[in-house]
Amino acid sequence: MYDVMIIGSGPAGMAAAIYAARACLKTLLIEKQPMGGGQILNTADVDNYPGLPGVGGFELGQKLSEHVKSAGIAQVTADVVRIECQGEVKRVITDAQEYEAKALIYAAGAGHRKLLVPGEEALAGAGVSYCATCDGAFFRGKTVAVVGGGDTALEDALFLARGCERVYLIHRRDAFRGAKTLQNRVEAAGNIVLRMETAVEEIRGGDRVQAVDLLHLKTGEKESLYVDGVFIAVGMTPHTELMKGQVELDAGGYVIAGENCRTNVTGVYAAGDVRTKALRQIVTAAADGANAVADIVMTQAHS
């Protein structure tokens, strides 16, 4: 029996593990990937984490993993197949074993949202990518398209512009949602071409991506861009399938939880990108992990 189990080893899960160790809670961290870090492992440069400007995402993930290991937290690599949240004892059933704890922190993060257009699935891994930092090197000197208008899309376009001949940045709206500093850098880049108020209708190619068909939403005009790759950055979908029927979710599938990360079920917490909140960043994920543990410590001390 553990005091707390943590599912997910992104910044939220690892921050929770570190704070749990400092609180002397018997803790188990469960992660399906061999290496922790979550989405930051696929980020080239992290420029908004306090005190570490320009740190590489992979490097930051390694540092967090090393910190957790040095804290002596028990870790298991396994796929979680079922969670039982009701009752005083929380149970997590993996593909290998079952575990029990007094409290559960769910920090499984989120995954890439799809465009759901023809050609996207068929050409995934053959020019269609959801990770510019993972696959950008394959397109050095070539022409690519980035789809999206938030921070990730702008960052991806800037990253790809370093090595690609031309980068088309395609966005459905007339203005970007991303940070103004990123917008300024995109506008200043000489090889980033904007396609605003434009939607992707189809991604075409044989063995690999060859073109992307666009629809200009305001004029109805259609256009085909001949590109070697399409990088999709249109948001995330929370990994909350295991929590359906266990805790309350909002319309977007995110776990409803406040700043203390409590769900509607006693002893169950949601931290990081899986919970309802305005800003999903590394710094807020880490804060969630800390807040969840602080509430567990207070609750268990009074039980």
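None of the figures in this text is laboratory data; all of them are computed from the coordinates on show. Quick caveat: nothing in here was measured; it's all calculated off a predicted structure. FYI the Cβ positions are ideal-geometry reconstructions off the backbone, even for glycines, and counts take in every protein chain you see.
Observations
- Mean residue ellipticity (222 nm) of the chain, computed from DSSP H runs ≥ 4 via -39,500 (n - 2.57), nearest 500: -7000 deg cm²/dmol
- Of the peptides 160-166, 45-51, the order by per-residue mean of other Cβ atoms within 10 Å, starting with the highest, comes out as 160-166, 45-51.
- Based on every Cα atom in segment 83-153, Rg and the maximum pairwise Cα distance Dmax equal 19.6, 58 Å.
- For the set 26/102; 26/244; 32/90; 244/277; 90/277, the pairs lying more than 21 angstrom apart at their alpha carbons are 26/244; 90/277.
- Long-range tail of P(r) for segment 128-232 (Cα pairs > 17 Å, %): 47
- Local charge for residue 164 was computed over the other residues whose Cβ lies under 9 Å away, with Lys and Arg +1 and Asp and Glu -1, and equals +2.
- Entry for Rg and Dmax of the Cα atoms in Å (calculated from the structure that is shown) out of (1) 19.9, 62; (2) 20.9, 65; (3) 17.9, 54: (2)
- Bridge type composition, the chain - antiparallel percent by DSSP, nearest 5: 45
- Mean separation of Cα contacts under 8 Å (6+ apart) over length of segment 128-232, as relative contact order %: 31
- When each of the peptides 214-221, 253-260 is scored by the mean number of other C-beta atoms lying within 10 Å of its residues, the order from highest to lowest reads 253-260, 214-221.
- For the chain, the relative contact order works out to 20 percent when only alpha carbon pairs closer than 8 Å and six or more residues apart are counted.
- Qualifying trypsin sites (Lys or Arg not before Pro) in segment 25-96, DSSP loop, other Cβ atoms within 10 Å at most 16: 26, 32
- Distance-filtered residues of segment 274-303 - backbone nitrogen under 18 Å, label point 7 angstrom along residue 47 Cα→Cβ: 281-283
- Backbone N within segment 261-303 under 19 Å of label point (7 Å from residue 88 Cα along the Cβ vector): 265-269, 296-303
- Charge dipole magnitude, Cβ of K and R +1, D and E -1 - segment 128-232, Cα centre, debye nearest 20: 220
- Given charges at beta-carbon only (K, R positive; D, E negative), |dipole| of the chain in Debye: 360
- Prolate/oblate/rounded label for segment 1-143 (Cα gyration tensor, a/c 1.5): oblate
- By the rule of a second cysteine Cβ within less than 4.7 angstrom, the chain holds isolated cysteines at 24, 85, 164, 261.
- Peptides 199-206, 143-150, ordered by how many other C-beta atoms sit within 10 Å of their residues on average, highest first, read 143-150, 199-206.
- Under a Gaussian network description of the chain, with springs only between Cα atoms under 10 Å, the residue in 268, 92, 117 that fluctuates furthest is 117.
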